[in-house]
Amino acid sequence: MSGKIIIAGAGLGGLAAASCLMKAGFDVEIYEQSPVLGEVGAGIQISANAFHVMRHLEVGDQLLKVGVRPGAYVFRLHDTGEELQRFDLAADHERKHGAPYVQLHRADFHEILANRAQAMKPDLIRLDHRLTGFTETADYVEARFHNGHVARGDLLIGADGLKSVVRKQIVGETPATYTGDGAWRVIVPVEKLPKPFLEPVMSVFMGPGGHAVCYYLRAGSILNFVGIIETDDVREESWTLKMPWEKLKADFAGWHPAIQTIIDSGDHDQCFRWSLHNRPPIRNWSTRRATLLGDSAHPTLPYLAQGAVMAIEDGAVLTRALTMTGSIDDALKLYERNRVDRTARIVEQSTFNRKLFHLPSVQAMRDEFAKRNEGEDRNKWLYSYNPLTVDLV
Ligand SMILES: Cc1cc2nc3c(=O)[nH]c(=O)nc-3n(C[C@H](O)[C@H](O)[C@H](O)COP(=O)(O)OP(=O)(O)OC[C@H]3O[C@@H](n4cnc5c(N)ncnc54)[C@H](O)[C@@H]3O)c2cc1C
């Protein structure tokens, strides 16, 4: 099948999908609402199931150069730092699942994907084009933008994130329920931290009513802190909502000295908080000539670090579905059939992890982690999936 594909949204999902599609011979145009291309200054983790696609797009080595491969996953109590569980991530993840686990600065990841996509088509991305809606016929789809521009193509992919316009038109308003969690994010250059500090692992500190995730970025030069706290103070779902440092400090009062050092060493004017919302999975996300990908299709809580990973899987599977079938309609059915159950399961497991990370007492945490088998079966199902080779049925 050939044809012109319009993508709304130049986030991580839209860019990865565009490259997969162009590599398979499709003509692609991306329309991005923002006047500038980029991502926020925060961390993101990518597991083997997405890294296969990065290798396919020939950016794997670049990502490894700017990223960090954590040595282990370590769960600790929030106050004493007592280690409850540790499992190897560095060599073990690649050995078991065929590709590495990498932690990246979002801006680096986005830039590498954007450069890769634009190397294939320099005028691929049109900035400052906010999609407002679309119309479809048996023969084409037309996407409309806020500035009056209309783009015609064979397929529209809504990679336009959590507040997707394409999703709203396809499935209508879907309810979002506040989880009760606010996610603080702060990054700290390592030269501001004492030496030695936290080991280069993925550290999760868990306490009743909250947890904190700490890992290094940019070849170990930055520490990324995400602190989740239960709070009634509901704000926006936004990467750019600043909140006072004093509030962050108060939210983590009594936590481990390493957490205090991170909070004290970060830029007091650069503390952000995202109010996390839950949206139940949906089962149909396509029309005849429009479909969804990434957060627009299956928004998730970040407790399994799989939101962007799923978006990348989507792009690879959708590309294969389009090359395997004779019509857009058949391709979208094949794509959905192969993505709906897996993504719903990941969303549900992410939601479940909130319970695990926020158990009501220290003893409950000790008990729960003592009987945990590192999620071996779950991990195999989750990380050993290769979207480039998995059977599409
Ligand atoms: C605290 C936190 C930590 C996370 N950590 C991880 C992690 O470690 N690993 C992981 O895999 N995931 C993680 N995620 C999830 C991940 O950030 C998202 O799942 C991922 O960014 C989704 O990518 P996307 O391309 O679908 O959407 P987005 O990144 O939201 O991109 C959407 C793009 O579409 C554009 N857009 C929106 N509306 C329009 C419009 N109408 N017209 C044109 N353009 C439009 C936007 O400007 C944006 O560029 C985390 C999320 C949070 C909140």
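Selection of first residues in segment 163-188 that are farther than 26 Å from Arg283 by Cβ and without any contact (Cβ under 8 Å) to a residue 40 or more places away in the chain and of second residues that are near the ligand (Cβ under 10 Å from one of its atoms) and among the polar types (S, T, N, Q), restricted to Cβ pairs under 6 Å at least 6 apart or on distinct chains, gives an empty result.
Scanning segment 53-79 for residues that are away from the ligand (no atom under 14 Å from the Cβ) and in a helix (DSSP H, G or I) gives Arg55, His56, Gly60, Asp61, Gln62, Leu64, Lys65, Val66. Just for segment 152-166: of the residues that are of a type outside the set (Gly, Ala, Ser) and under 18 Å from the mean Cα position of the chain (by Cα), which one is surrounded by the most Cβ atoms within 10 Å (Cβ to Cβ)? Restricting to residues being of a type outside the set (Gly, Ala, Ser) and under 18 Å from the mean Cα position of the chain (by Cα), the top hit is Ile157.
Can you find a residue that is farther than 30 Å from Met206 by Cα, buried (at least 17 other Cβ atoms within 10 Å of the Cβ) and touching a strand residue (DSSP E or B) at 6+ places or on another chain (Cβ under 9 Å) anywhere in segment 301-308? Break it down stepwise before answering.
Kept after step one, since they are farther than 30 Å from Met206 by Cα, are these residues of segment 301-308: none.
Looking through segment 301-308, none of the residues is farther than 30 Å from Met206 by Cα, buried (at least 17 other Cβ atoms within 10 Å of the Cβ) and touching a strand residue (DSSP E or B) at 6+ places or on another chain (Cβ under 9 Å).
Can you tell me which residue within segment 219-233, out of those that are in contact (Cβ under 8 Å) with a residue 60 or more places away in the chain and among the aliphatic types (A, V, I, L, M), is farthest from the ligand (Cβ to nearest atom)? So that I can check it myself, show each step before the final result.
So in segment 219-233, the residues in contact (Cβ under 8 Å) with a residue 60 or more places away in the chain come out as 219-220, 222, 224, 226, 228, 230.
With the extra rule that they be among the aliphatic types (A, V, I, L, M), the set shrinks to 219, 222, 226, 228.
Working: Ala219: 18, Ile222: 15, Val226: 5, Ile228: 8 Å.
Restricting to residues being in contact (Cβ under 8 Å) with a residue 60 or more places away in the chain and among the aliphatic types (A, V, I, L, M), the top hit is Ala219.
Scanning segment 294-315 for residues that are more than 6 Å from the ligand (Cβ to nearest atom) and among the β-branched types (Val, Ile, Thr) gives Thr300, Ile312.
Please find, among Pro208, Pro302, the residue that is more than 16 Å from Gln45 (Cβ to Cβ) and of a type outside the set (D, E, K, R).
On inspection, the qualifying residue turns out to be Pro208.
Just for segment 192-202: of the residues that are more than 25 Å from Glu313 (Cβ to Cβ) and in contact (Cβ under 8 Å) with a residue 24 or more places away in the chain, which one is surrounded by the fewest Cβ atoms within 10 Å (Cβ to Cβ)? So that I can check it myself, show each step before the final result.
Here is the first cut: in segment 192-202, the residues more than 25 Å from Glu313 (Cβ to Cβ) are 192-201.
Next, only the ones that are in contact (Cβ under 8 Å) with a residue 24 or more places away in the chain stay: 192-194, 197-201.
On the way: Lys192: 15, Leu193: 17, Pro194: 9, Phe197: 17, Leu198: 19, Glu199: 11, Pro200: 17, Val201: 19.
Of everything passing the filter in segment 192-202, Pro194 is surrounded by the fewest Cβ atoms within 10 Å (Cβ to Cβ).
Against the criterion of being away from the ligand (no atom under 12 Å from the Cβ) and closer than 25 Å to Ser34 by Cβ, Thr135 qualifies.
Those helices (runs of 4 or more DSSP H) of segment 287-393 in which at least 2 residues are modelled with pLDDT of 95 or more, among the basic types (Lys, Arg) and within 29 Å of Trp274 (Cα to Cα), considering only elements entirely within it, cover 328-357.
Do any helices (runs of 4 or more DSSP H) lying entirely in segment 86-199 carry at least 1 residues that are acidic (Asp, Glu), and which ones are they? So that I can check it myself, show each step before the final result.
Working: elements: 90-97, 106-120, 165-171.
In segment 86-199, the matching helices (runs of 4 or more DSSP H) lie at 90-97, 106-120.
For segment 172-187, state whether one or more residues are within 14 Å of the ligand (Cβ to nearest atom), within 29 Å of Asp330 (Cβ to Cβ) and not hydroxyl-bearing (Ser, Thr, Tyr). Within segment 172-187, not a single residue is within 14 Å of the ligand (Cβ to nearest atom), within 29 Å of Asp330 (Cβ to Cβ) and not hydroxyl-bearing (Ser, Thr, Tyr).
Answer yes or no as to whether Arg289 is closer than 30 Å to Ile157 by Cβ, buried (at least 20 other Cβ atoms within 10 Å of the Cβ) and away from the ligand (no atom under 15 Å from the Cβ). In short, yes.
The values are calculated or read from the model by the stated rules, or taken from the named source; none is laboratory data. On a predicted model such as this, the values are computed, not experimentally measured, just so you know. All Cβ positions, glycine included, derive from the backbone under ideal geometry; neighbour counts span all protein chains shown.
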